[in-house]
Amino acid sequence: MSLKPRYAVFGNPIAHSKSPQIHLRFARQEGVFIEYERILAEPEQFAAAAARFFAEGGLGANVTVPFKTDAYDWVNEHSERARTAGAVNTLILLSDGRVRGDNTDGIGLVNDILRQGAAIKAKKVLLLGAGGAVRGVLQPLLAQMPAELVVANRTLSKAAALADAFGVQACALADLPHAHFDIVINGTSGGLGGEVPAINAAVFGACELAYDMVYGEAAAAFAAFARAGGARTVSDGLGMLVGQAAASYQLWRGFAPDIAAVIHDMREAHYA
Ligand code: ATR
């Protein structure tokens, strides 16, 4: 068994995950050696894989697609924000051997938007998409007290369900009003296939920040679309990824990593 504190990320697929590169940079900042591995779990096998990891000495883990709700069902207790999100992206081994589930995705997003100088308080925010990724960030966004938060989705019923649960406004992508938004956040998964949400590009006119929750190539089409529509600043979600990881790391080890330094480093190294 390894002597280094052991962490991991569970997902399927998982080979592409940048979490090891990010967490090893955090450990370097803290001045410690850790082990951080990618664990590929088969569908229906998340619980068995997670139980094995903790039985073998694991101290904490991240959870990514498609296991965030499986993780929610598996843990012994939930943080408040995990409960609101209905999903768990962080597993923390407690001193009594039980495992606590938390969700740091929303903090990752909010901190990255604020870091880029865009206030959310009193601003008009448009969130595109109504899947698990969007559900997970709604409460932290609302906690910033935007003037307005509209969730627009291709399938209206899913946006409407979030509107009921969180008290936000819902709308179909096709029916987006010609209104001004200060911040537009893309939480749809279409970018992975090079697709952008079918909205009128006028939505980006005079928008302060167009933010994509995915990063790298998957964010390219949305960035070009938003820029052409007039968005003043465009950002991919690398900062959100690093930010959620930093919040997980702090939960495990009590050390708050320097997020900006790691984002910079990852970009320089082309995410390596
Ligand atoms: P995730 O966990 O990434 O949120 P998900 O729960 O499957 O994944 O949700 C995917 C989201 O992306 C949904 O809001 C989906 O819209 P529908 O609810 O209408 O399916 C949205 N999405 C995926 N591809 C899209 C596309 N090409 N255009 C617009 N929205 C898209």
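The values are calculated or read from the model by the stated rules, or taken from the named source; none is laboratory data. Owing to the predicted nature of the structure, the values given are computational and were not obtained by experimental measurement. Glycine gets a Cβ as well: all are built from the backbone with ideal geometry, and neighbour counts include every protein chain shown. Side chains are part of the model used for accessible areas, which takes the heavy atoms of the whole protein and leaves out ligands, DNA and RNA. Shrake-Rupley method; radii C 1.70, N 1.55, O 1.52, S 1.80 Å.
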**OP:** Give just the number: which of (1) under 30 Å from Glu56 (Cβ atoms); (2) open to solvent by less than 30 Å² (accessible area, probe 1.4 Å); (3) hydrophobic (A, V, I, L, M, F, W, C) does Ile107 not satisfy?
**Re:** (2)
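Residues checked against (1) within 11 Å of the chain's Cα centre (by Cα); (2) within 20 Å of Gly86 (Cβ to Cβ):
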| residue | (1), (2) |
| --- | --- |
| Val99 | no, yes |
| Ile113 | no, no |
| Leu128 | no, yes |
| Val134 | yes, yes |
| Val137 | yes, yes |
| Leu142 | no, yes |
| Leu149 | no, yes |
| Thr155 | no, yes |
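Yes/no per residue for (1) more than 28 Å from Gly216 (Cα to Cα); (2) part of a helix (DSSP H, G or I):
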residue	(1), (2)
Ala27	no, yes
Tyr36	no, no
Ala82	no, yes
Asp96	yes, no
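Hey, among Ala206, Ala223, Ala219, which residue is open to solvent by 30 Å² or more (accessible area, probe 1.4 Å) and either outside any strand (DSSP E or B) or within 16 Å of the ligand (Cβ to nearest atom) (or both)?
Only one candidate qualifies: Ala206.
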Subject >> Residue pairs meeting the criteria (Cβ under 8 Å; at least 6 apart or on separate chains; first open to solvent by less than 10 Å² (accessible area, probe 1.4 Å), in the range 1-27; second among the β-branched types (Val, Ile, Thr) and in a helix (DSSP H, G or I)) >> reply: Ile22/Val242; Ile22/Val262; Phe26/Val262
Subject >> Filtered residues of the range 45-70 (kept if buried (at least 23 other Cβ atoms within 10 Å of the Cβ) and more than 17 Å from Trp252 (Cα to Cα)) >> reply: Phe46, Phe67, Lys68
Original post:
If Ala261 satisfies every condition in (1) more than 15 Å from the ligand (Cβ to nearest atom); (2) touching a Leu at 6+ places or on another chain (Cβ under 8 Å); (3) not in a loop (DSSP other than H, G, I, E, B) but one, which is the exception?
Top reply: (2)
**OP:** Evaluate the following for Ala85: is it within 13 Å of the ligand (Cβ to nearest atom), open to solvent by less than 50 Å² (accessible area, probe 1.4 Å) and closer than 23 Å to Gly237 by Cβ?
**Re:** yes
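Sort through Thr104, Thr84 and tell me the only one that's hydroxyl-bearing (Ser, Thr, Tyr) and out of contact with any strand residue (DSSP E or B) (no Cβ under 7 Å at 6 or more places or on another chain).
From the options Thr104, Thr84, the qualifying one is Thr84.
Every residue, every condition in (1) within 13 Å of the ligand (Cβ to nearest atom); (2) within 19 Å of Thr233 (Cβ to Cβ); (3) at pLDDT 95 or above; (4) surrounded by 14 or more Cβ atoms within 10 Å (Cβ to Cβ), yes or no:
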| position | (1), (2), (3), (4) |
| --- | --- |
| Ile113 | no, yes, yes, yes |
| Gly117 | no, yes, no, no |
| Ala122 | no, yes, yes, no |
| Pro140 | no, no, yes, yes |
| Pro146 | no, yes, yes, yes |
| Ser157 | yes, no, yes, no |
| Gly167 | no, no, yes, no |
| Ala179 | no, no, no, no |
Original post:
Would it be correct to say that Ala261 is in contact with a His (Cβ under 7 Å, 6 or more places away or on another chain), surrounded by fewer than 16 Cβ atoms within 10 Å (Cβ to Cβ) and touching a residue at least 12 places away in the same chain (Cβ under 8 Å)?
Top reply: no
**OP:** Look through Ala50, Ala82, Ala55 and report the one residue that is among the small types (Gly, Ala, Ser) and touching a residue at least 24 places away in the same chain (Cβ under 8 Å).
**Re:** Ala50
Original post:
Which residue pairs have Cβ atoms closer than 7 Å, lie 6 or more positions apart in sequence or on different chains, and pair a first residue in the range 180-196 that is touching a residue at least 12 places away in the same chain (Cβ under 8 Å) and aromatic (Phe, Trp, Tyr) with a second residue that is more than 7 Å from the ligand (Cβ to nearest atom) and in a loop (DSSP other than H, G, I, E, B)?
Top reply: Phe181/Cys207
**OP:** State whether one or more residues within the range 248-259 are over 21 Å from the mean Cα position of the chain (by Cα) and among the hydroxyl-bearing types (Ser, Thr, Tyr).
**Re:** no
**OP:** Go through Glu30, Glu37 for me and flag whichever is open to solvent by 20 Å² or more (accessible area, probe 1.4 Å) and over 27 Å from Thr69 (Cβ atoms).
**Re:** Glu30
